[in-house]
Amino acid sequence: MWTMGLVMSVVGSVVLIATKSRKDLRISAAPLWKTGKNEIGSSGNFFTDIVDDWKNNEEETFKKFDVDRNGLLYRSEFDELVASLLTDPYGSPYQLSEEQKEELFCHADPKMICSPVTKKTFRLLWKNWIRKILSPVTALIIVDVQNDFISGSLALVNSPAGQDGLEVVPVINGLVTEIPFDVVVYTHDWHPANHVSFVDNVALRPLHPNYTKSPDEVQVLDIVHFDDQWGTEQTMWPRHCVQQTWGAKLQENLVVVENPVKIYKGQNPDVDSYSAFFDNSRRDHTELEMELRKRGVTDVYTSGIAYDYCVGFTSLDALDLGFRVTLVEDASRGVVDDSIAAMRTALLDKGAAIVNSTKVADMVSGRDRNARLAQYLMRTIKV
C-alpha cells in the first residue's frame, strides 16, 4: 500500500551542468516597423509579427498601443496590448475574465492603485514581463526516470494509481529530440546504503521517546519520528535507488542529450529527497537554482516520476523561486490518484500551467503565450 497524501521531503547536492544549443523556431513574418505601415503586420497579430525583432522595439510597441498619443496606456489600451500579447499559436487571444484583466493592469502600476502605465513603467514591463513572454529561456527537468521507479523495488505500476512509469519515456524522448530547450536536466535519486528513508535502516538511528513503535514494528509507509537535532519525521520506503546499482540507473530507453545536466539528490544519509532544489525543511539546497539563473532561465518544464512527489515538489519549489513552471502531464506518472489530484490543484493554485506535450513546442518558441504563466510572472515582478 502506498501513502495517500502529499509529503514534503528533501534533496542532496551534486550538480553537473551543461546547455543544449537552441534552434530558431521564431516566426519569420516582416515586423510592423519594417513594412512602414501603421497597422498590424502580416499575421494579423502585432506581437506575432515582431517575435523575430522584439529586442529593439520597446518604443514602437508603446506607440502601437498608445492610441490617443498622450504618453500613457489607459486600461482599455493596456487590455488591447494584453489581448495581442497573450495568444494561442494561431494568434487568437486567450479569454481573460474582467478580474484577470484588472489584476494585470493593477500589478503593472508600481503603486498598485491601477494608474495608467507611463513610459517609464512600460520600460520596466518590457524588460521584466513582455520580453520574457516573447522569448522565454527554457529548461526541461526530467525527474527520476530510474529503473527502481519503473520496474524495480518502487515500481509505479504496483502503486494504488496503477500507472506505468515506462509510459513517460517515449513522451520525454520526443520532447528532448524535437524541442530546442536551452537547458536539459536529469535528476537522480542517489541514496547511500544507510539512507534514512529505507525501512530496513530504521534501527540505525535512535527513535524519538514519544514514538510508540519499536524498530521491529516499523513498516513501509509508516512515518517515523527520529530523535535527532531536527526532530526528523520520515516516511519509510523499501530500499531503492542505491548509488551505483541497477535500480539507480536511468531507464535504458530514455534519450540522454550530449553533455547533460545531472542532479544527484538524496546523497545525505540523514535526509530524504523529492525536490531537485531543496532538502527537507530547506536546511540545504542544490546548485540547480544558481545554474539556471546563470543561464537566464525564465521557464521550467517538469516531467518524470512521480507526479505527486518528486515532479510535483520540484515544480512547487521552482514557483517559489520565481520561475514560470509548466508541468507536462502526459510525460509524468504518479502514485495515488487522490494525491495526484491534490498536487495538480496545488500547482494550479500557485500559478503553474499543466499541459499536454503537444503544446510544448509552441510555448518554448514563443508562439503560444500562455495567459496563466503571464499572470504568474506579473505577480512576481517589480515594476
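The values are calculated or read from the model by the stated rules, or taken from the named source; none is laboratory data. These numbers were taken from a predicted model, which means no experiment stands behind them. In this analysis, Cβ positions are derived from the backbone assuming ideal geometry, glycine residues included, and neighbour counts consider all displayed protein chains.
Of the strands (runs of 3 or more DSSP E) entirely within the stretch 212-288, those holding at least 1 residues that are of a type in the set (K, R) and crowded, with 19+ Cβ neighbours inside 10 Å occupy 261-265. Take the residues in the stretch 159-213 that are charged (D, E, K, R) and over 23 Å from V360 (Cβ atoms); name whichever of them is farthest from the chain's Cα centre (by Cα). The qualifying residue farthest from the chain's Cα centre (by Cα) is K213. None of V137, V145, V157 is over 30 Å from K382 (Cα atoms), in contact with an Asp or Glu (Cβ under 6 Å, 6 or more places away or on another chain) and among the hydrophobic types (A, V, I, L, M, F, W, C) except V157. Picking from residues in the stretch 184-199 that are within 9 Å of M236 (Cβ to Cβ) and either outside the structural domain of Y264 (by TED's automatic domain parsing) or without any contact (Cβ under 8 Å) to a residue 60 or more places away in the chain (or both), the one that is surrounded by the most Cβ atoms within 10 Å (Cβ to Cβ) is F198. Does the stretch 292-309 contain at least one residue that is aromatic (F, W, Y), in contact with a strand residue (DSSP E or B) (Cβ under 8 Å, 6 or more places away or on another chain) and not assigned by TED's automatic domain parsing to the domain that holds V157? No, the conditions are met nowhere in the stretch 292-309. For the stretch 321-331, the count of residues that are under 16 Å from the mean Cα position of the chain (by Cα) and in a helix (DSSP H, G or I) is zero. The number of residues in the stretch 336-383 being charged (D, E, K, R), touching a residue at least 40 places away in the same chain (Cβ under 8 Å) and within 19 Å of L86 (Cβ to Cβ) comes to 5. Out of curiosity, is I142 surrounded by 15 or more Cβ atoms within 10 Å (Cβ to Cβ) and in the same structural domain as V311 (by TED's automatic domain parsing)? In short, yes. Can you tell me which residue is modelled with the lowest pLDDT among those in the stretch 60-76 that are surrounded by fewer than 18 Cβ atoms within 10 Å (Cβ to Cβ) and assigned to a helix (DSSP H, G or I)? Among those that are surrounded by fewer than 18 Cβ atoms within 10 Å (Cβ to Cβ) and assigned to a helix (DSSP H, G or I), it is E60. Restricting the stretch 295-324 to residues that are acidic (D, E) and within 17 Å of R344 (Cβ to Cβ), the residue that is surrounded by the fewest Cβ atoms within 10 Å (Cβ to Cβ) is D317. Just checking, does the stretch 350-365 include any residue being under 12 Å from the mean Cα position of the chain (by Cα) and either at pLDDT below 95 or part of a loop (DSSP other than H, G, I, E, B) (or both)? Looking for residues that are under 12 Å from the mean Cα position of the chain (by Cα) and either at pLDDT below 95 or part of a loop (DSSP other than H, G, I, E, B) (or both), one finds at least one in the stretch 350-365, hence yes.
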